[in-house]
Amino acid sequence: MTLVDLHRLPRHVAIIMDGNGRWAQDQGRIRSIGHREGSRAVRRTVRAARRLGVDALTLFAFSEQNWHRPGPEVAALMELLREYLISEREELMENGIRLRAVGRVDKLPSSVRDVLDALVADTAHLDGMTLTLALSYGGREELVDAARALASEVAAGRLTPDAIDEAALEAHVPSVDVGRVDLLIRTGGEQRISNFLLWGAAYAELHFTPRLWPEFEAEDLYQAIRAFQSRQRRFGRVTTLHAEPEPISSAGE
Ligand code: FPP
């Protein structure tokens, strides 16, 4: 019994999976063991979200800033990612899950990039749920890339500065392709956004839980969704809305 109202699910759930290191430390083990256990929590969470009928799930798997962690930890994370992409291939495909990646994925080692590209291509036609892995991702970096793309369009004469509005910028923010974030969950007890989905999560409902990511269970996801369902979303207006209104575009005005 989940007591989640399946008719009022958040369409797009995003998760900052924090606490792997502390979990490992609590067990007297090295950090990479925490990440390994964290990848089991990823599997559980993807299954639970799919079973509920969530449309889009975006996971912060590796930030642009994570490259500054010690080499062995980065290497362990890359290896885990590669293993995950290989081991979950069948399950993702069987469950109609489309995989995408956002971030500066060209920085990933080719051993990861190759399996990632293949799985993204092979699941591109599936429409049961979209699982987006944020890899080498930073919200500011994504906005810088979007600004650069707009500047190129202006330089090429395809766009005038006056025509740049929310919709024009958003069209260059890949993490919003699956829709703006409705519910942003962060595990591990910290209450920060940490450069995740800065544009798409502008009006997201935030849910912080002390649960360390390796211990995150389906029930924790249900609890976050129940909390979401108990909130009123107004998006700066006075009446309650269930979804964020589309940006007002000046195009054609
Ligand atoms: C934060 O915990 C977590 C990460 C930096 C990486 C997240 C990676 C995984 C959950 C596993 C691999 C991912 C996939 C998709 C298979 P932390 O190390 O900052 O924890 P701490 O705050 O306790 O130190």
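The values are calculated or read from the model by the stated rules, or taken from the named source; none is laboratory data. Source: prediction; values computed, not measured. So basically every Cβ, Gly included, is an ideal-geometry build from the backbone, and we count neighbours across all protein chains shown. What goes into the accessible areas is simple: the full protein's heavy atoms, side chains included, and nothing from ligands, DNA or RNA. Shrake-Rupley method; radii C 1.70, N 1.55, O 1.52, S 1.80 Å.
See the values below:
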| read-out | value |
| --- | --- |
| Alpha-carbon radius of gyration plus Dmax, which is the widest Cα pair, for the stretch 115-253 in Å | 17.7, 52 |
| Per residue accessible area of the stretch 141-252, 1.4 Å probe, in Å² | 52 |
| Whole-Hz ³J(HN,Hα) from phi, Karplus 6.51 cos²θ - 1.76 cosθ + 1.60, for the stretch 91-100, glycine and proline x | 5, 4, 5, 4, 9, x, 9, 8, 9, 9 |
| Net charge, G188 excluded, C-beta distance under 9 Å - Lys, Arg +1, Asp, Glu -1 | +1 |
| Gain in span if fully extended, S87 to L3, counting 0.36 nm per residue against the direct Cα distance | 27.1 nm |
| Sequence-distant residues sharing a close amide H with E205 (under 5 Å, placed H) | L183, L184 |
| Under 13 Å, Cβ to Cβ, from R43 - net charge with Lys/Arg +1 and Asp/Glu -1 | +1 |
| Whole-number percent relative contact order across the chain, with pairs defined as alpha carbons under 8 Å at least 6 apart | 27 |
| Interchain or long-range residues, amide H under 5 Å from R104's placed H | Y137, G138 |
| Potential extension, R158-E79 segment - 0.36 nm per residue separation minus Cα distance | 24.2 nm |
| 3J(HN,Hα) from dihedral phi, the stretch 128-141, Karplus parametrisation 6.51/-1.76/1.60, rounded to Hz, x for glycine, proline | x, 7, 9, 9, 10, 9, 8, 10, 6, 9, x, x, 5, 4 |
| Percent of beta bridges antiparallel (DSSP, the chain, rounded to nearest 5) | 0 |
| Table column - 3J(HN,Hα) (Hz), the stretch 15-25, Karplus curve with 6.51, -1.76, 1.60, x for Gly and Pro | 9, 8, 8, 10, x, 4, x, 5, 4, 5, 4 |
| Where L59, L159 fall by accessible area, highest first, once all protein chains stay in place (1.4 Å) | L159, L59 |
| Proportion of all alpha-carbon pairs of the chain beyond 28 Å (%) | 35 |
| Surface share of carbon and sulfur [accessible, 1.4 angstrom probe, percent] for the chain | 50 |
| Spin-label model distance (nm) - R226 vs D127, 7 Å beyond Cα toward Cβ | 3.3 |
| Neighbour count of at most 14 Cβ within 10 Å plus DSSP loop: longest trypsin sites (Lys or Arg not before Pro)-free window in the chain | 30-157 |
| The chain: most fluctuating residue of M129, M17, M93 per GNM, C-alpha cutoff 10 Å | M93 |
| Per residue, the convex hull volume that the Cα atoms of the stretch 152-191 enclose (Å³) | 119 |
| Using a Förster distance of 22 Å, the FRET efficiency for V120-A218 (Cβ separation, nearest 0.05) | 0.30 |
| 14 Å beta-carbon shell around V154, net charge (K/R +1, D/E -1) | -1 |
